[in-house]
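These notes concern the structure reproduced below.
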Amino acid sequence: MHHDPSSPIGIFDSGVGGLTVARAVMELLPNEPIVYFGDTARVPYGVKSPDTVARYAAQITRFLLAKNVKMLIVACNTMAAVALPAITGLSPVPVLEVIDAGAASALAITRTKRIGIIATPSTIASRAYEQALARLGGPDVHTVSKACPLFVPLVEEGWLDHPATRLVAAEYLGPLRAHNLDTLILGCTHYPLLAPLLAQVVGPGIRLQDSASAVARRAAAILDARGLRHCGGKPVHAFHVTDLPHRFLDIGQRFLGQAMADVQLETL
Ligand code: DGL
């Protein structure tokens, strides 16, 4: 397969949440065409088994490679946590993912190396963030993890600043207070949309960190190193989903922060 700067970047997620990553890539690399895939028929992945998530991830990888993408970005923390070998094993193009990037960003801002991680149950069970933090930050990194399964449906519902969400957040995050954290990793595509509310719940001493802008910076560096950065011209983005394109369009504009062109319905 031949790639040149005009080839698109493939970004994928279990659904609409990965658009928070697509948004960061579009902001940093405004000339890059993006092919986005959201598996809206089978979301959420965060409560499914690793084998199932790996099978779905392989299907999406094949779909995007057939679109001649020059790079793959795994925007979904759950896929990055439990299905990375299934993706990299198929891909002749570079694969970037959110967990390594998020862990590195958290280590760059922490002063005390006391870091909390909130994510889906599958991501937490995989311990992928803990492993990345230990590998990149050394043995004295102290981590505390908490699965927050109700956040995804609350965000999908648009309850970004709602009393019910505040109540759930206080329940999930309350126990983290005892750990004297200075950094909290938002280890799920959806959580950046809750950042204002979460910041109020955890209080001023804890900085929130997500992976989106770090992944975008890594993408830029790799494209530059390979001479594949696209310069000039307004790119055309493509969006593909496996169910309910209209719902994706409605909710997606909130994640993307801009209007979205057509959304294609696909069967894998
Ligand atoms: N995209 C998933 C993640 O970042 C959240 C939604 C899901 O559970 O599929 O972990």
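Of all residues in segment 75-104, count the ones that are in contact (Cβ under 8 Å) with a residue 60 or more places away in the chain and in a helix (DSSP H, G or I).
Summing the residues that are in contact (Cβ under 8 Å) with a residue 60 or more places away in the chain and in a helix (DSSP H, G or I) in segment 75-104 gives 9.
Would it be correct to say that THR61 is assigned to a helix (DSSP H, G or I), within 12 Å of the ligand (Cβ to nearest atom) and not hydrophobic (A, V, I, L, M, F, W, C)?
In short, no.
Where residues in segment 179-227 are of a type in the set (S, T, N, Q) and either within 22 Å of ALA125 (Cα to Cα) or surrounded by 15 or more Cβ atoms within 10 Å (Cβ to Cβ) (or both), which of them is nearest to the ligand (Cβ to nearest atom)?
To start, the set of residues in segment 179-227 that are of a type in the set (S, T, N, Q) comprises 180, 183, 189, 200, 209, 211, 213.
Subset that is either within 22 Å of ALA125 (Cα to Cα) or surrounded by 15 or more Cβ atoms within 10 Å (Cβ to Cβ) (or both): 183, 189, 209, 211, 213.
Numbers: THR183: 19, THR189: 4, GLN209: 15, SER211: 9, SER213: 16 Å.
That would be THR189.
Looking at this structure, is SER91 more than 16 Å from the ligand (Cβ to nearest atom) and small (Gly, Ala, Ser)?
So SER91 fits the description; yes.
Filter segment 1-19 down to the residues that are more than 18 Å from ASP250 (Cβ to Cβ) and not in a loop (DSSP other than H, G, I, E, B), then identify the one that is farthest from the chain's Cα centre (by Cα). Let's see the steps before the verdict.
At the first step, the residues of segment 1-19 found to be more than 18 Å from ASP250 (Cβ to Cβ) are 1-12.
Pick out the ones that are also not in a loop (DSSP other than H, G, I, E, B) and you get 9-12.
Details: ILE9: 15, GLY10: 13, ILE11: 9, PHE12: 9 Å.
Top of the filtered list is ILE9.
Exactly one condition in (1) in contact (Cβ under 8 Å) with a residue 40 or more places away in the chain; (2) within 13 Å of the ligand (Cβ to nearest atom); (3) part of a helix (DSSP H, G or I) is false for THR52; which is it?
Here THR52 clears every test but (1).
Count, please, the residues in segment 71-96 that happen to be open to solvent by 30 Å² or more (accessible area, probe 1.4 Å) and out of contact with any Pro (no Cβ under 8 Å at 6 or more places or on another chain). Reasoning before the result, please.
Looking only at segment 71-96, we keep the residues that are open to solvent by 30 Å² or more (accessible area, probe 1.4 Å), and these are 82, 84-86, 88-90, 92, 95.
Filter once more, so that each one left must be out of contact with any Pro (no Cβ under 8 Å at 6 or more places or on another chain): 84-86, 88-90, 92, 95.
Final tally of qualifying residues: 8.
Can you find a residue in segment 20-42 that is in a loop (DSSP other than H, G, I, E, B), modelled with pLDDT of 95 or more, under 11 Å from the mean Cα position of the chain (by Cα) and small (Gly, Ala, Ser)?
Within segment 20-42, not a single residue is in a loop (DSSP other than H, G, I, E, B), modelled with pLDDT of 95 or more, under 11 Å from the mean Cα position of the chain (by Cα) and small (Gly, Ala, Ser).
Within the group GLY227, GLY252, which residue is closer than 27 Å to LEU268 by Cβ and among the small types (Gly, Ala, Ser)?
GLY252
Okay, residues lined up against (1) closer than 16 Å to GLY17 by Cα; (2) part of a loop (DSSP other than H, G, I, E, B); (3) without any contact (Cβ under 8 Å) to a residue 60 or more places away in the chain:
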| site | (1), (2), (3) |
| --- | --- |
| ILE73 | yes, no, no |
| ALA106 | no, no, no |
| THR123 | yes, no, no |
| GLN131 | no, no, yes |
| PRO139 | no, yes, yes |
| LYS146 | no, no, yes |
| VAL152 | yes, no, no |
| ASP161 | no, yes, yes |
| THR165 | no, no, yes |
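Taking segment 145-173 only, how many residues are of a type outside the set (Ser, Thr, Tyr), open to solvent by 20 Å² or more (accessible area, probe 1.4 Å) and either under 22 Å from the mean Cα position of the chain (by Cα) or within 22 Å of GLU130 (Cα to Cα) (or both)?
14
Mind checking which residues of segment 22-49 are within 13 Å of the ligand (Cβ to nearest atom) and either open to solvent by 10 Å² or more (accessible area, probe 1.4 Å) or of a type in the set (D, E, K, R) (or both)?
ASP39, THR40, ALA41, ARG42, VAL43, PRO44, VAL47, LYS48, SER49
Counting only residues that are of a type in the set (A, V, I, L, M, F, W, C) and in contact (Cβ under 8 Å) with a residue 40 or more places away in the chain, give me the strands (runs of 3 or more DSSP E) lying completely in segment 189-268 with at least 2 of them.
Answer list for segment 189-268: 238-241.
Residue-by-condition table, conditions (1) under 25 Å from ALA134 (Cα atoms); (2) open to solvent by less than 20 Å² (accessible area, probe 1.4 Å); (3) in contact with an Asp or Glu (Cβ under 9 Å, 6 or more places away or on another chain):
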| residue | (1), (2), (3) |
| --- | --- |
| ASP13 | no, yes, yes |
| LEU64 | no, yes, no |
| ASN68 | no, no, no |
| VAL98 | yes, yes, yes |
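Checking the structure you have, find out if any residue of segment 109-117 is in a helix (DSSP H, G or I), among the aliphatic types (A, V, I, L, M) and within 12 Å of ILE185 (Cα to Cα).
Yes: segment 109-117 contains one or more residues that are in a helix (DSSP H, G or I), among the aliphatic types (A, V, I, L, M) and within 12 Å of ILE185 (Cα to Cα).
The values are calculated or read from the model by the stated rules, or taken from the named source; none is laboratory data. Small disclaimer: the values here were computed from a predicted structure and weren't measured. Please note: Cβ atoms are built from the backbone with ideal geometry, for glycine as well, and neighbour counts cover all protein chains shown. When the accessible area is computed, the model is the full protein with side chains, heavy atoms only, and any ligands, DNA or RNA have been set aside. Shrake-Rupley method; radii C 1.70, N 1.55, O 1.52, S 1.80 Å.
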